[in-house]
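**Q** One structure, as structure tokens, below. Some questions next.
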Amino acid sequence: MPIISIPTNGLELEADADDNLLKVLRRYKVPIHYSCKQGECGSCKCVLEGGEVDMHGYKGSALPPAQREQGLILACCSRLKGDVQLRLIDSDDYIVHPERHLVAEVIALRELAPEVFGLRLKIRYVDRDGEPFLFSAGQYVQLSVQTGPDTLIARDFSMASTPVDAEYDDELEFHIRRTSTGAFSGLLGSGIQLGSIIAVDGPMGSSHFRPRHQGPLYAVAAGTGFAPMLSIVKTALNNGKLEPVVFYAGFKTPAEVYGREGLAQLQREFNNFRFDVVVEQDAGASDRSGRVGDVLLDDVADFAGAKVYLAGSPGMVEAVSACLLERGLPAADVHADAFYAPKPGLSLSAQAVVDAAEENDRLTLPSPLQSEI
């Protein structure tokens, strides 16, 4: 009779040979997250530290090869062949959405603040036989545009919209600061206009909302880092999170502030949500003064049980992360994605899906960029 040992939980469970692992864990009321029970969602991941199981019948997107090599298994698809030793994990940290290759059309472009644009896209073509595009709040994608027969520009941007917007409305929104030297951002309002076509690759990033977390949530944004933090906050509140959710939105000057009305509306709707607009220079009477990370650290004396999500300049993220770790917040509870200098060119996958859409007549593509380029 196989024995399932879980040392970190002090458990040794008896099972029958060829028993389904998830079935046994549920029988003994072991706290493991699960959902589909058929190897599609990846919720029931755990680490096989000893012994063997027979695992089959799962989707590759639910358990990528890299995780399988690290010893992760899906309990719902595992049958016992003898004694095993397990380690339970927080499956929130192993959420994996397969990378998708999409084609989208610009349906809205509005200026949120001087030189900051809200870019809204409608997904017109999807791979994987038309499956909805899924991502976790806080993740990012690569947006790519073709500026000439042999010239392609690709940059990474985080979604400001929620996963629900993508899954049910086929829409994605981004907040992008236009700069004179920005190869992509410099096209906003000229090369990139209503009707322009943009290729989308993703999702990517590990700084995503952890829905199983029970404790305070602090979202800290500087500049257009506002976008992924807004997605996280809205998703947390709409998913029924009851613990405090606090958003610190940082800007350099009053002129750069945007999004205040939307946050105020969320505060009216959810009594566990509050926000502070933090302005470094010449803050108004209704705003906090200083650097956004300093305001967070001044406000919160004890981060026990909290998760902190950060988005903004690398300097802000690194400095605040270091202070949080010094105060004893575990590294696993500090979430931020590192963005690196962009590489020239467009991902082959993005260009391939544009070509496929044209060849298969799945999408009628207007000229992706106008003659101003």
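**Q** I want to check the label-to-label distance for residue 129 and residue 255. Put each point 7 Å from Cα in the C-beta direction and report it in nm to one decimal.
**A** Result for the modelled spin labels: 5.4 nm.
**Q** Further question: Could you give the semi-axes, largest first, of the ellipsoid that matches segment 217-335, computed as the square roots of 5 times the alpha carbon gyration tensor eigenvalues and rounded to whole Å?
**A** Numbers: eigenvalues 80, 70, 29 Å².
Three semi-axes, in Å: 20, 19, 12.
**Q** Still on this structure: Could you compute the FRET efficiency for residue 59 and residue 111, with r as their C-beta to C-beta distance and R0 at 45 Å, rounded to 0.05?
**A** Working: r = 42 Å, r/R0 = 0.93.
It comes out at approximately 0.60.
**Q** Can you give the relative contact order of the chain as a percent, counting alpha carbon pairs under 8 Å and 6+ residues apart? Write down the numbers at each step before the final one.
**A** Working: 793 pairs, mean separation 57.2, N = 373.
It rounds to 15 percent for the chain.
**Q** By how many nm would the segment from residue 89 to residue 151 grow when fully extended, if each residue of separation counts as 0.36 nm and the alpha-carbon distance is taken off?
**A** On the way: separation 62, 0.36 × 62 = 22.32 nm, distance 4.48 nm.
Length difference between fully extended and current span is 17.8 nm.
**Q** Could you order peptides 223-230, 319-326, 42-49 by the average number of other Cβ atoms within 10 Å of their residues, highest first?
**A** Peptide ranking by packing, descending: 223-230, 42-49, 319-326.
**Q** Let me ask you something else. For segment 237-325, which chymotrypsin sites (Phe, Trp or Tyr not before Pro) are both in a DSSP coil and crowded by at most 11 other Cβ atoms within 10 Å? Intermediate values should be presented prior to the final figure.
**A** Working: sites: 247, 248, 251, 258, 270, 273, 275, 303, 309; in loops: 258, 270, 303.
The qualifying sites: there are none.
**Q** May I pose another question? Please arrange 36, 41, 77 by counting, for each residue, the other beta carbons lying within 10 Å of its beta carbon, fewest first.
**A** Working: 36 15, 41 20, 77 23.
Starting with the residue having the fewest Cβ neighbours, the order is 36, 41, 77.
**Q** If you take every DSSP beta bridge whose two residues both sit in the chain, what share of them, in percent to the nearest 5, is antiparallel?
**A** Values: 50 of 75 bridges.
Taking every DSSP beta bridge with both residues in the chain, the antiparallel ones total about 65 percent.
**Q** When ranked by the protection proxy of mean other Cβ atoms within 10 Å per residue, highest first, what sequence do the peptides 135-146, 19-30 form? Don't skip to the answer; put the middle values down first.
**A** Numbers: 135-146: 24.3, 19-30: 17.1.
Answer by packing, highest mean first, reads 135-146, 19-30.
**Q** Here's a follow-up. What distance in nm separates the simple spin-label points at residue 181 and residue 9, each placed 7 Å from Cα in the Cβ direction?
**A** 5.4 nm
**Q** Let me ask something additional. Suppose only helical runs count, i.e. DSSP H with n ≥ 4. What mean residue ellipticity at 222 nm does that imply for the chain under -39500 (n - 2.57) per run, divided by all residues and rounded to the nearest 500 deg cm²/dmol? Display every interim value, and only then the final one.
**A** On the way: 8 runs with 75 residues, N = 373.
One gets -6000 deg cm²/dmol as the mean residue ellipticity at 222 nm.
**Q** GNM on the chain, C-alpha springs below 10 Å: top fluctuator among 201, 16, 150?
**A** Maximum among the listed residues: 150.
**Q** For Cα Rg over 2.2 N^0.38 Å, which listed value, [x] 0.93; [y] 1.09; [z] 1.00, comes from the coordinates shown?
**A** [y]
**Q** Taking the Cα centre of segment 1-120 as origin, sum charge times position over the Cβ atoms of Lys and Arg (+1) and Asp and Glu (-1), and report the length of that vector in debye to the nearest 20. Please report the intermediate quantities before stating the final value.
**A** Values: 14 positive and 18 negative charges, 73 e Å.
For this selection, approximately 360 debye.
**Q** A further question on this structure: How do 287-296, 60-69 rank on mean C-beta neighbours within 10 Å, highest first? It would help to have the intermediate numbers written out before the result.
**A** Details: 287-296: 19.0, 60-69: 14.2.
The peptides rank, most packed first, as 287-296, 60-69.
**Q** Let me ask something additional. Report the full-extension gain for the segment residue 38 to residue 16: residue separation times 0.36 nm, less the Cα-Cα distance, to one decimal in nm.
**A** Working: separation 22, 0.36 × 22 = 7.92 nm, distance 2.02 nm.
In short, 5.9 nm is gained.
**Q** Grab the Cα-Cα distance for residue 169 and residue 331, subtract it from 0.36 nm times how many residues apart they are, and report the gain in nm with one decimal. Could you put the intermediate results ahead of the total?
**A** Details: separation 162, 0.36 × 162 = 58.32 nm, distance 3.52 nm.
Gain on stretching residue 169 to residue 331: 54.8 nm.
**Q** Still on this structure: In the Gaussian network model of the chain, springs joining C-alpha atoms below 10 Å, which of 191, 202, 240 carries the largest mean-square fluctuation?
**A** Sorting by GNM fluctuation, first place goes to 240.
**Q** Identify unpaired cysteines across the chain, taking unpaired to mean no other cysteine Cβ lies under 4.7 Å from the residue's Cβ.
**A** Isolated Cys, the chain: 44, 46, 76, 77, 323.
**Q** Classify segment 3-94: rounded, prolate or oblate, from the alpha-carbon gyration tensor (a ≥ b ≥ c, eigenvalue square roots; a/c under 1.5 rounded; otherwise prolate if a/b is larger than b/c)?
**A** On the way: a/c = 1.45, a/b = 1.37, b/c = 1.06.
Rounded.
**Q** Let me ask another. What size of dipole, in debye to the nearest 20, comes out for segment 217-335 about its Cα centre when the only charges are +1 on Lys and Arg C-beta atoms and -1 on Asp and Glu C-beta atoms?
**A** On the way: 10 positive and 15 negative charges, 70 e Å.
Dipole of segment 217-335, to the nearest 20 debye: 340 debye.
Just so you know, all these numbers are worked out from the coordinates, no wet-lab data involved. Model, not experiment: these values are computed from the prediction. Ideal geometry is used to build each Cβ from the backbone, glycine not excepted, and the neighbour counts take in all protein chains shown.
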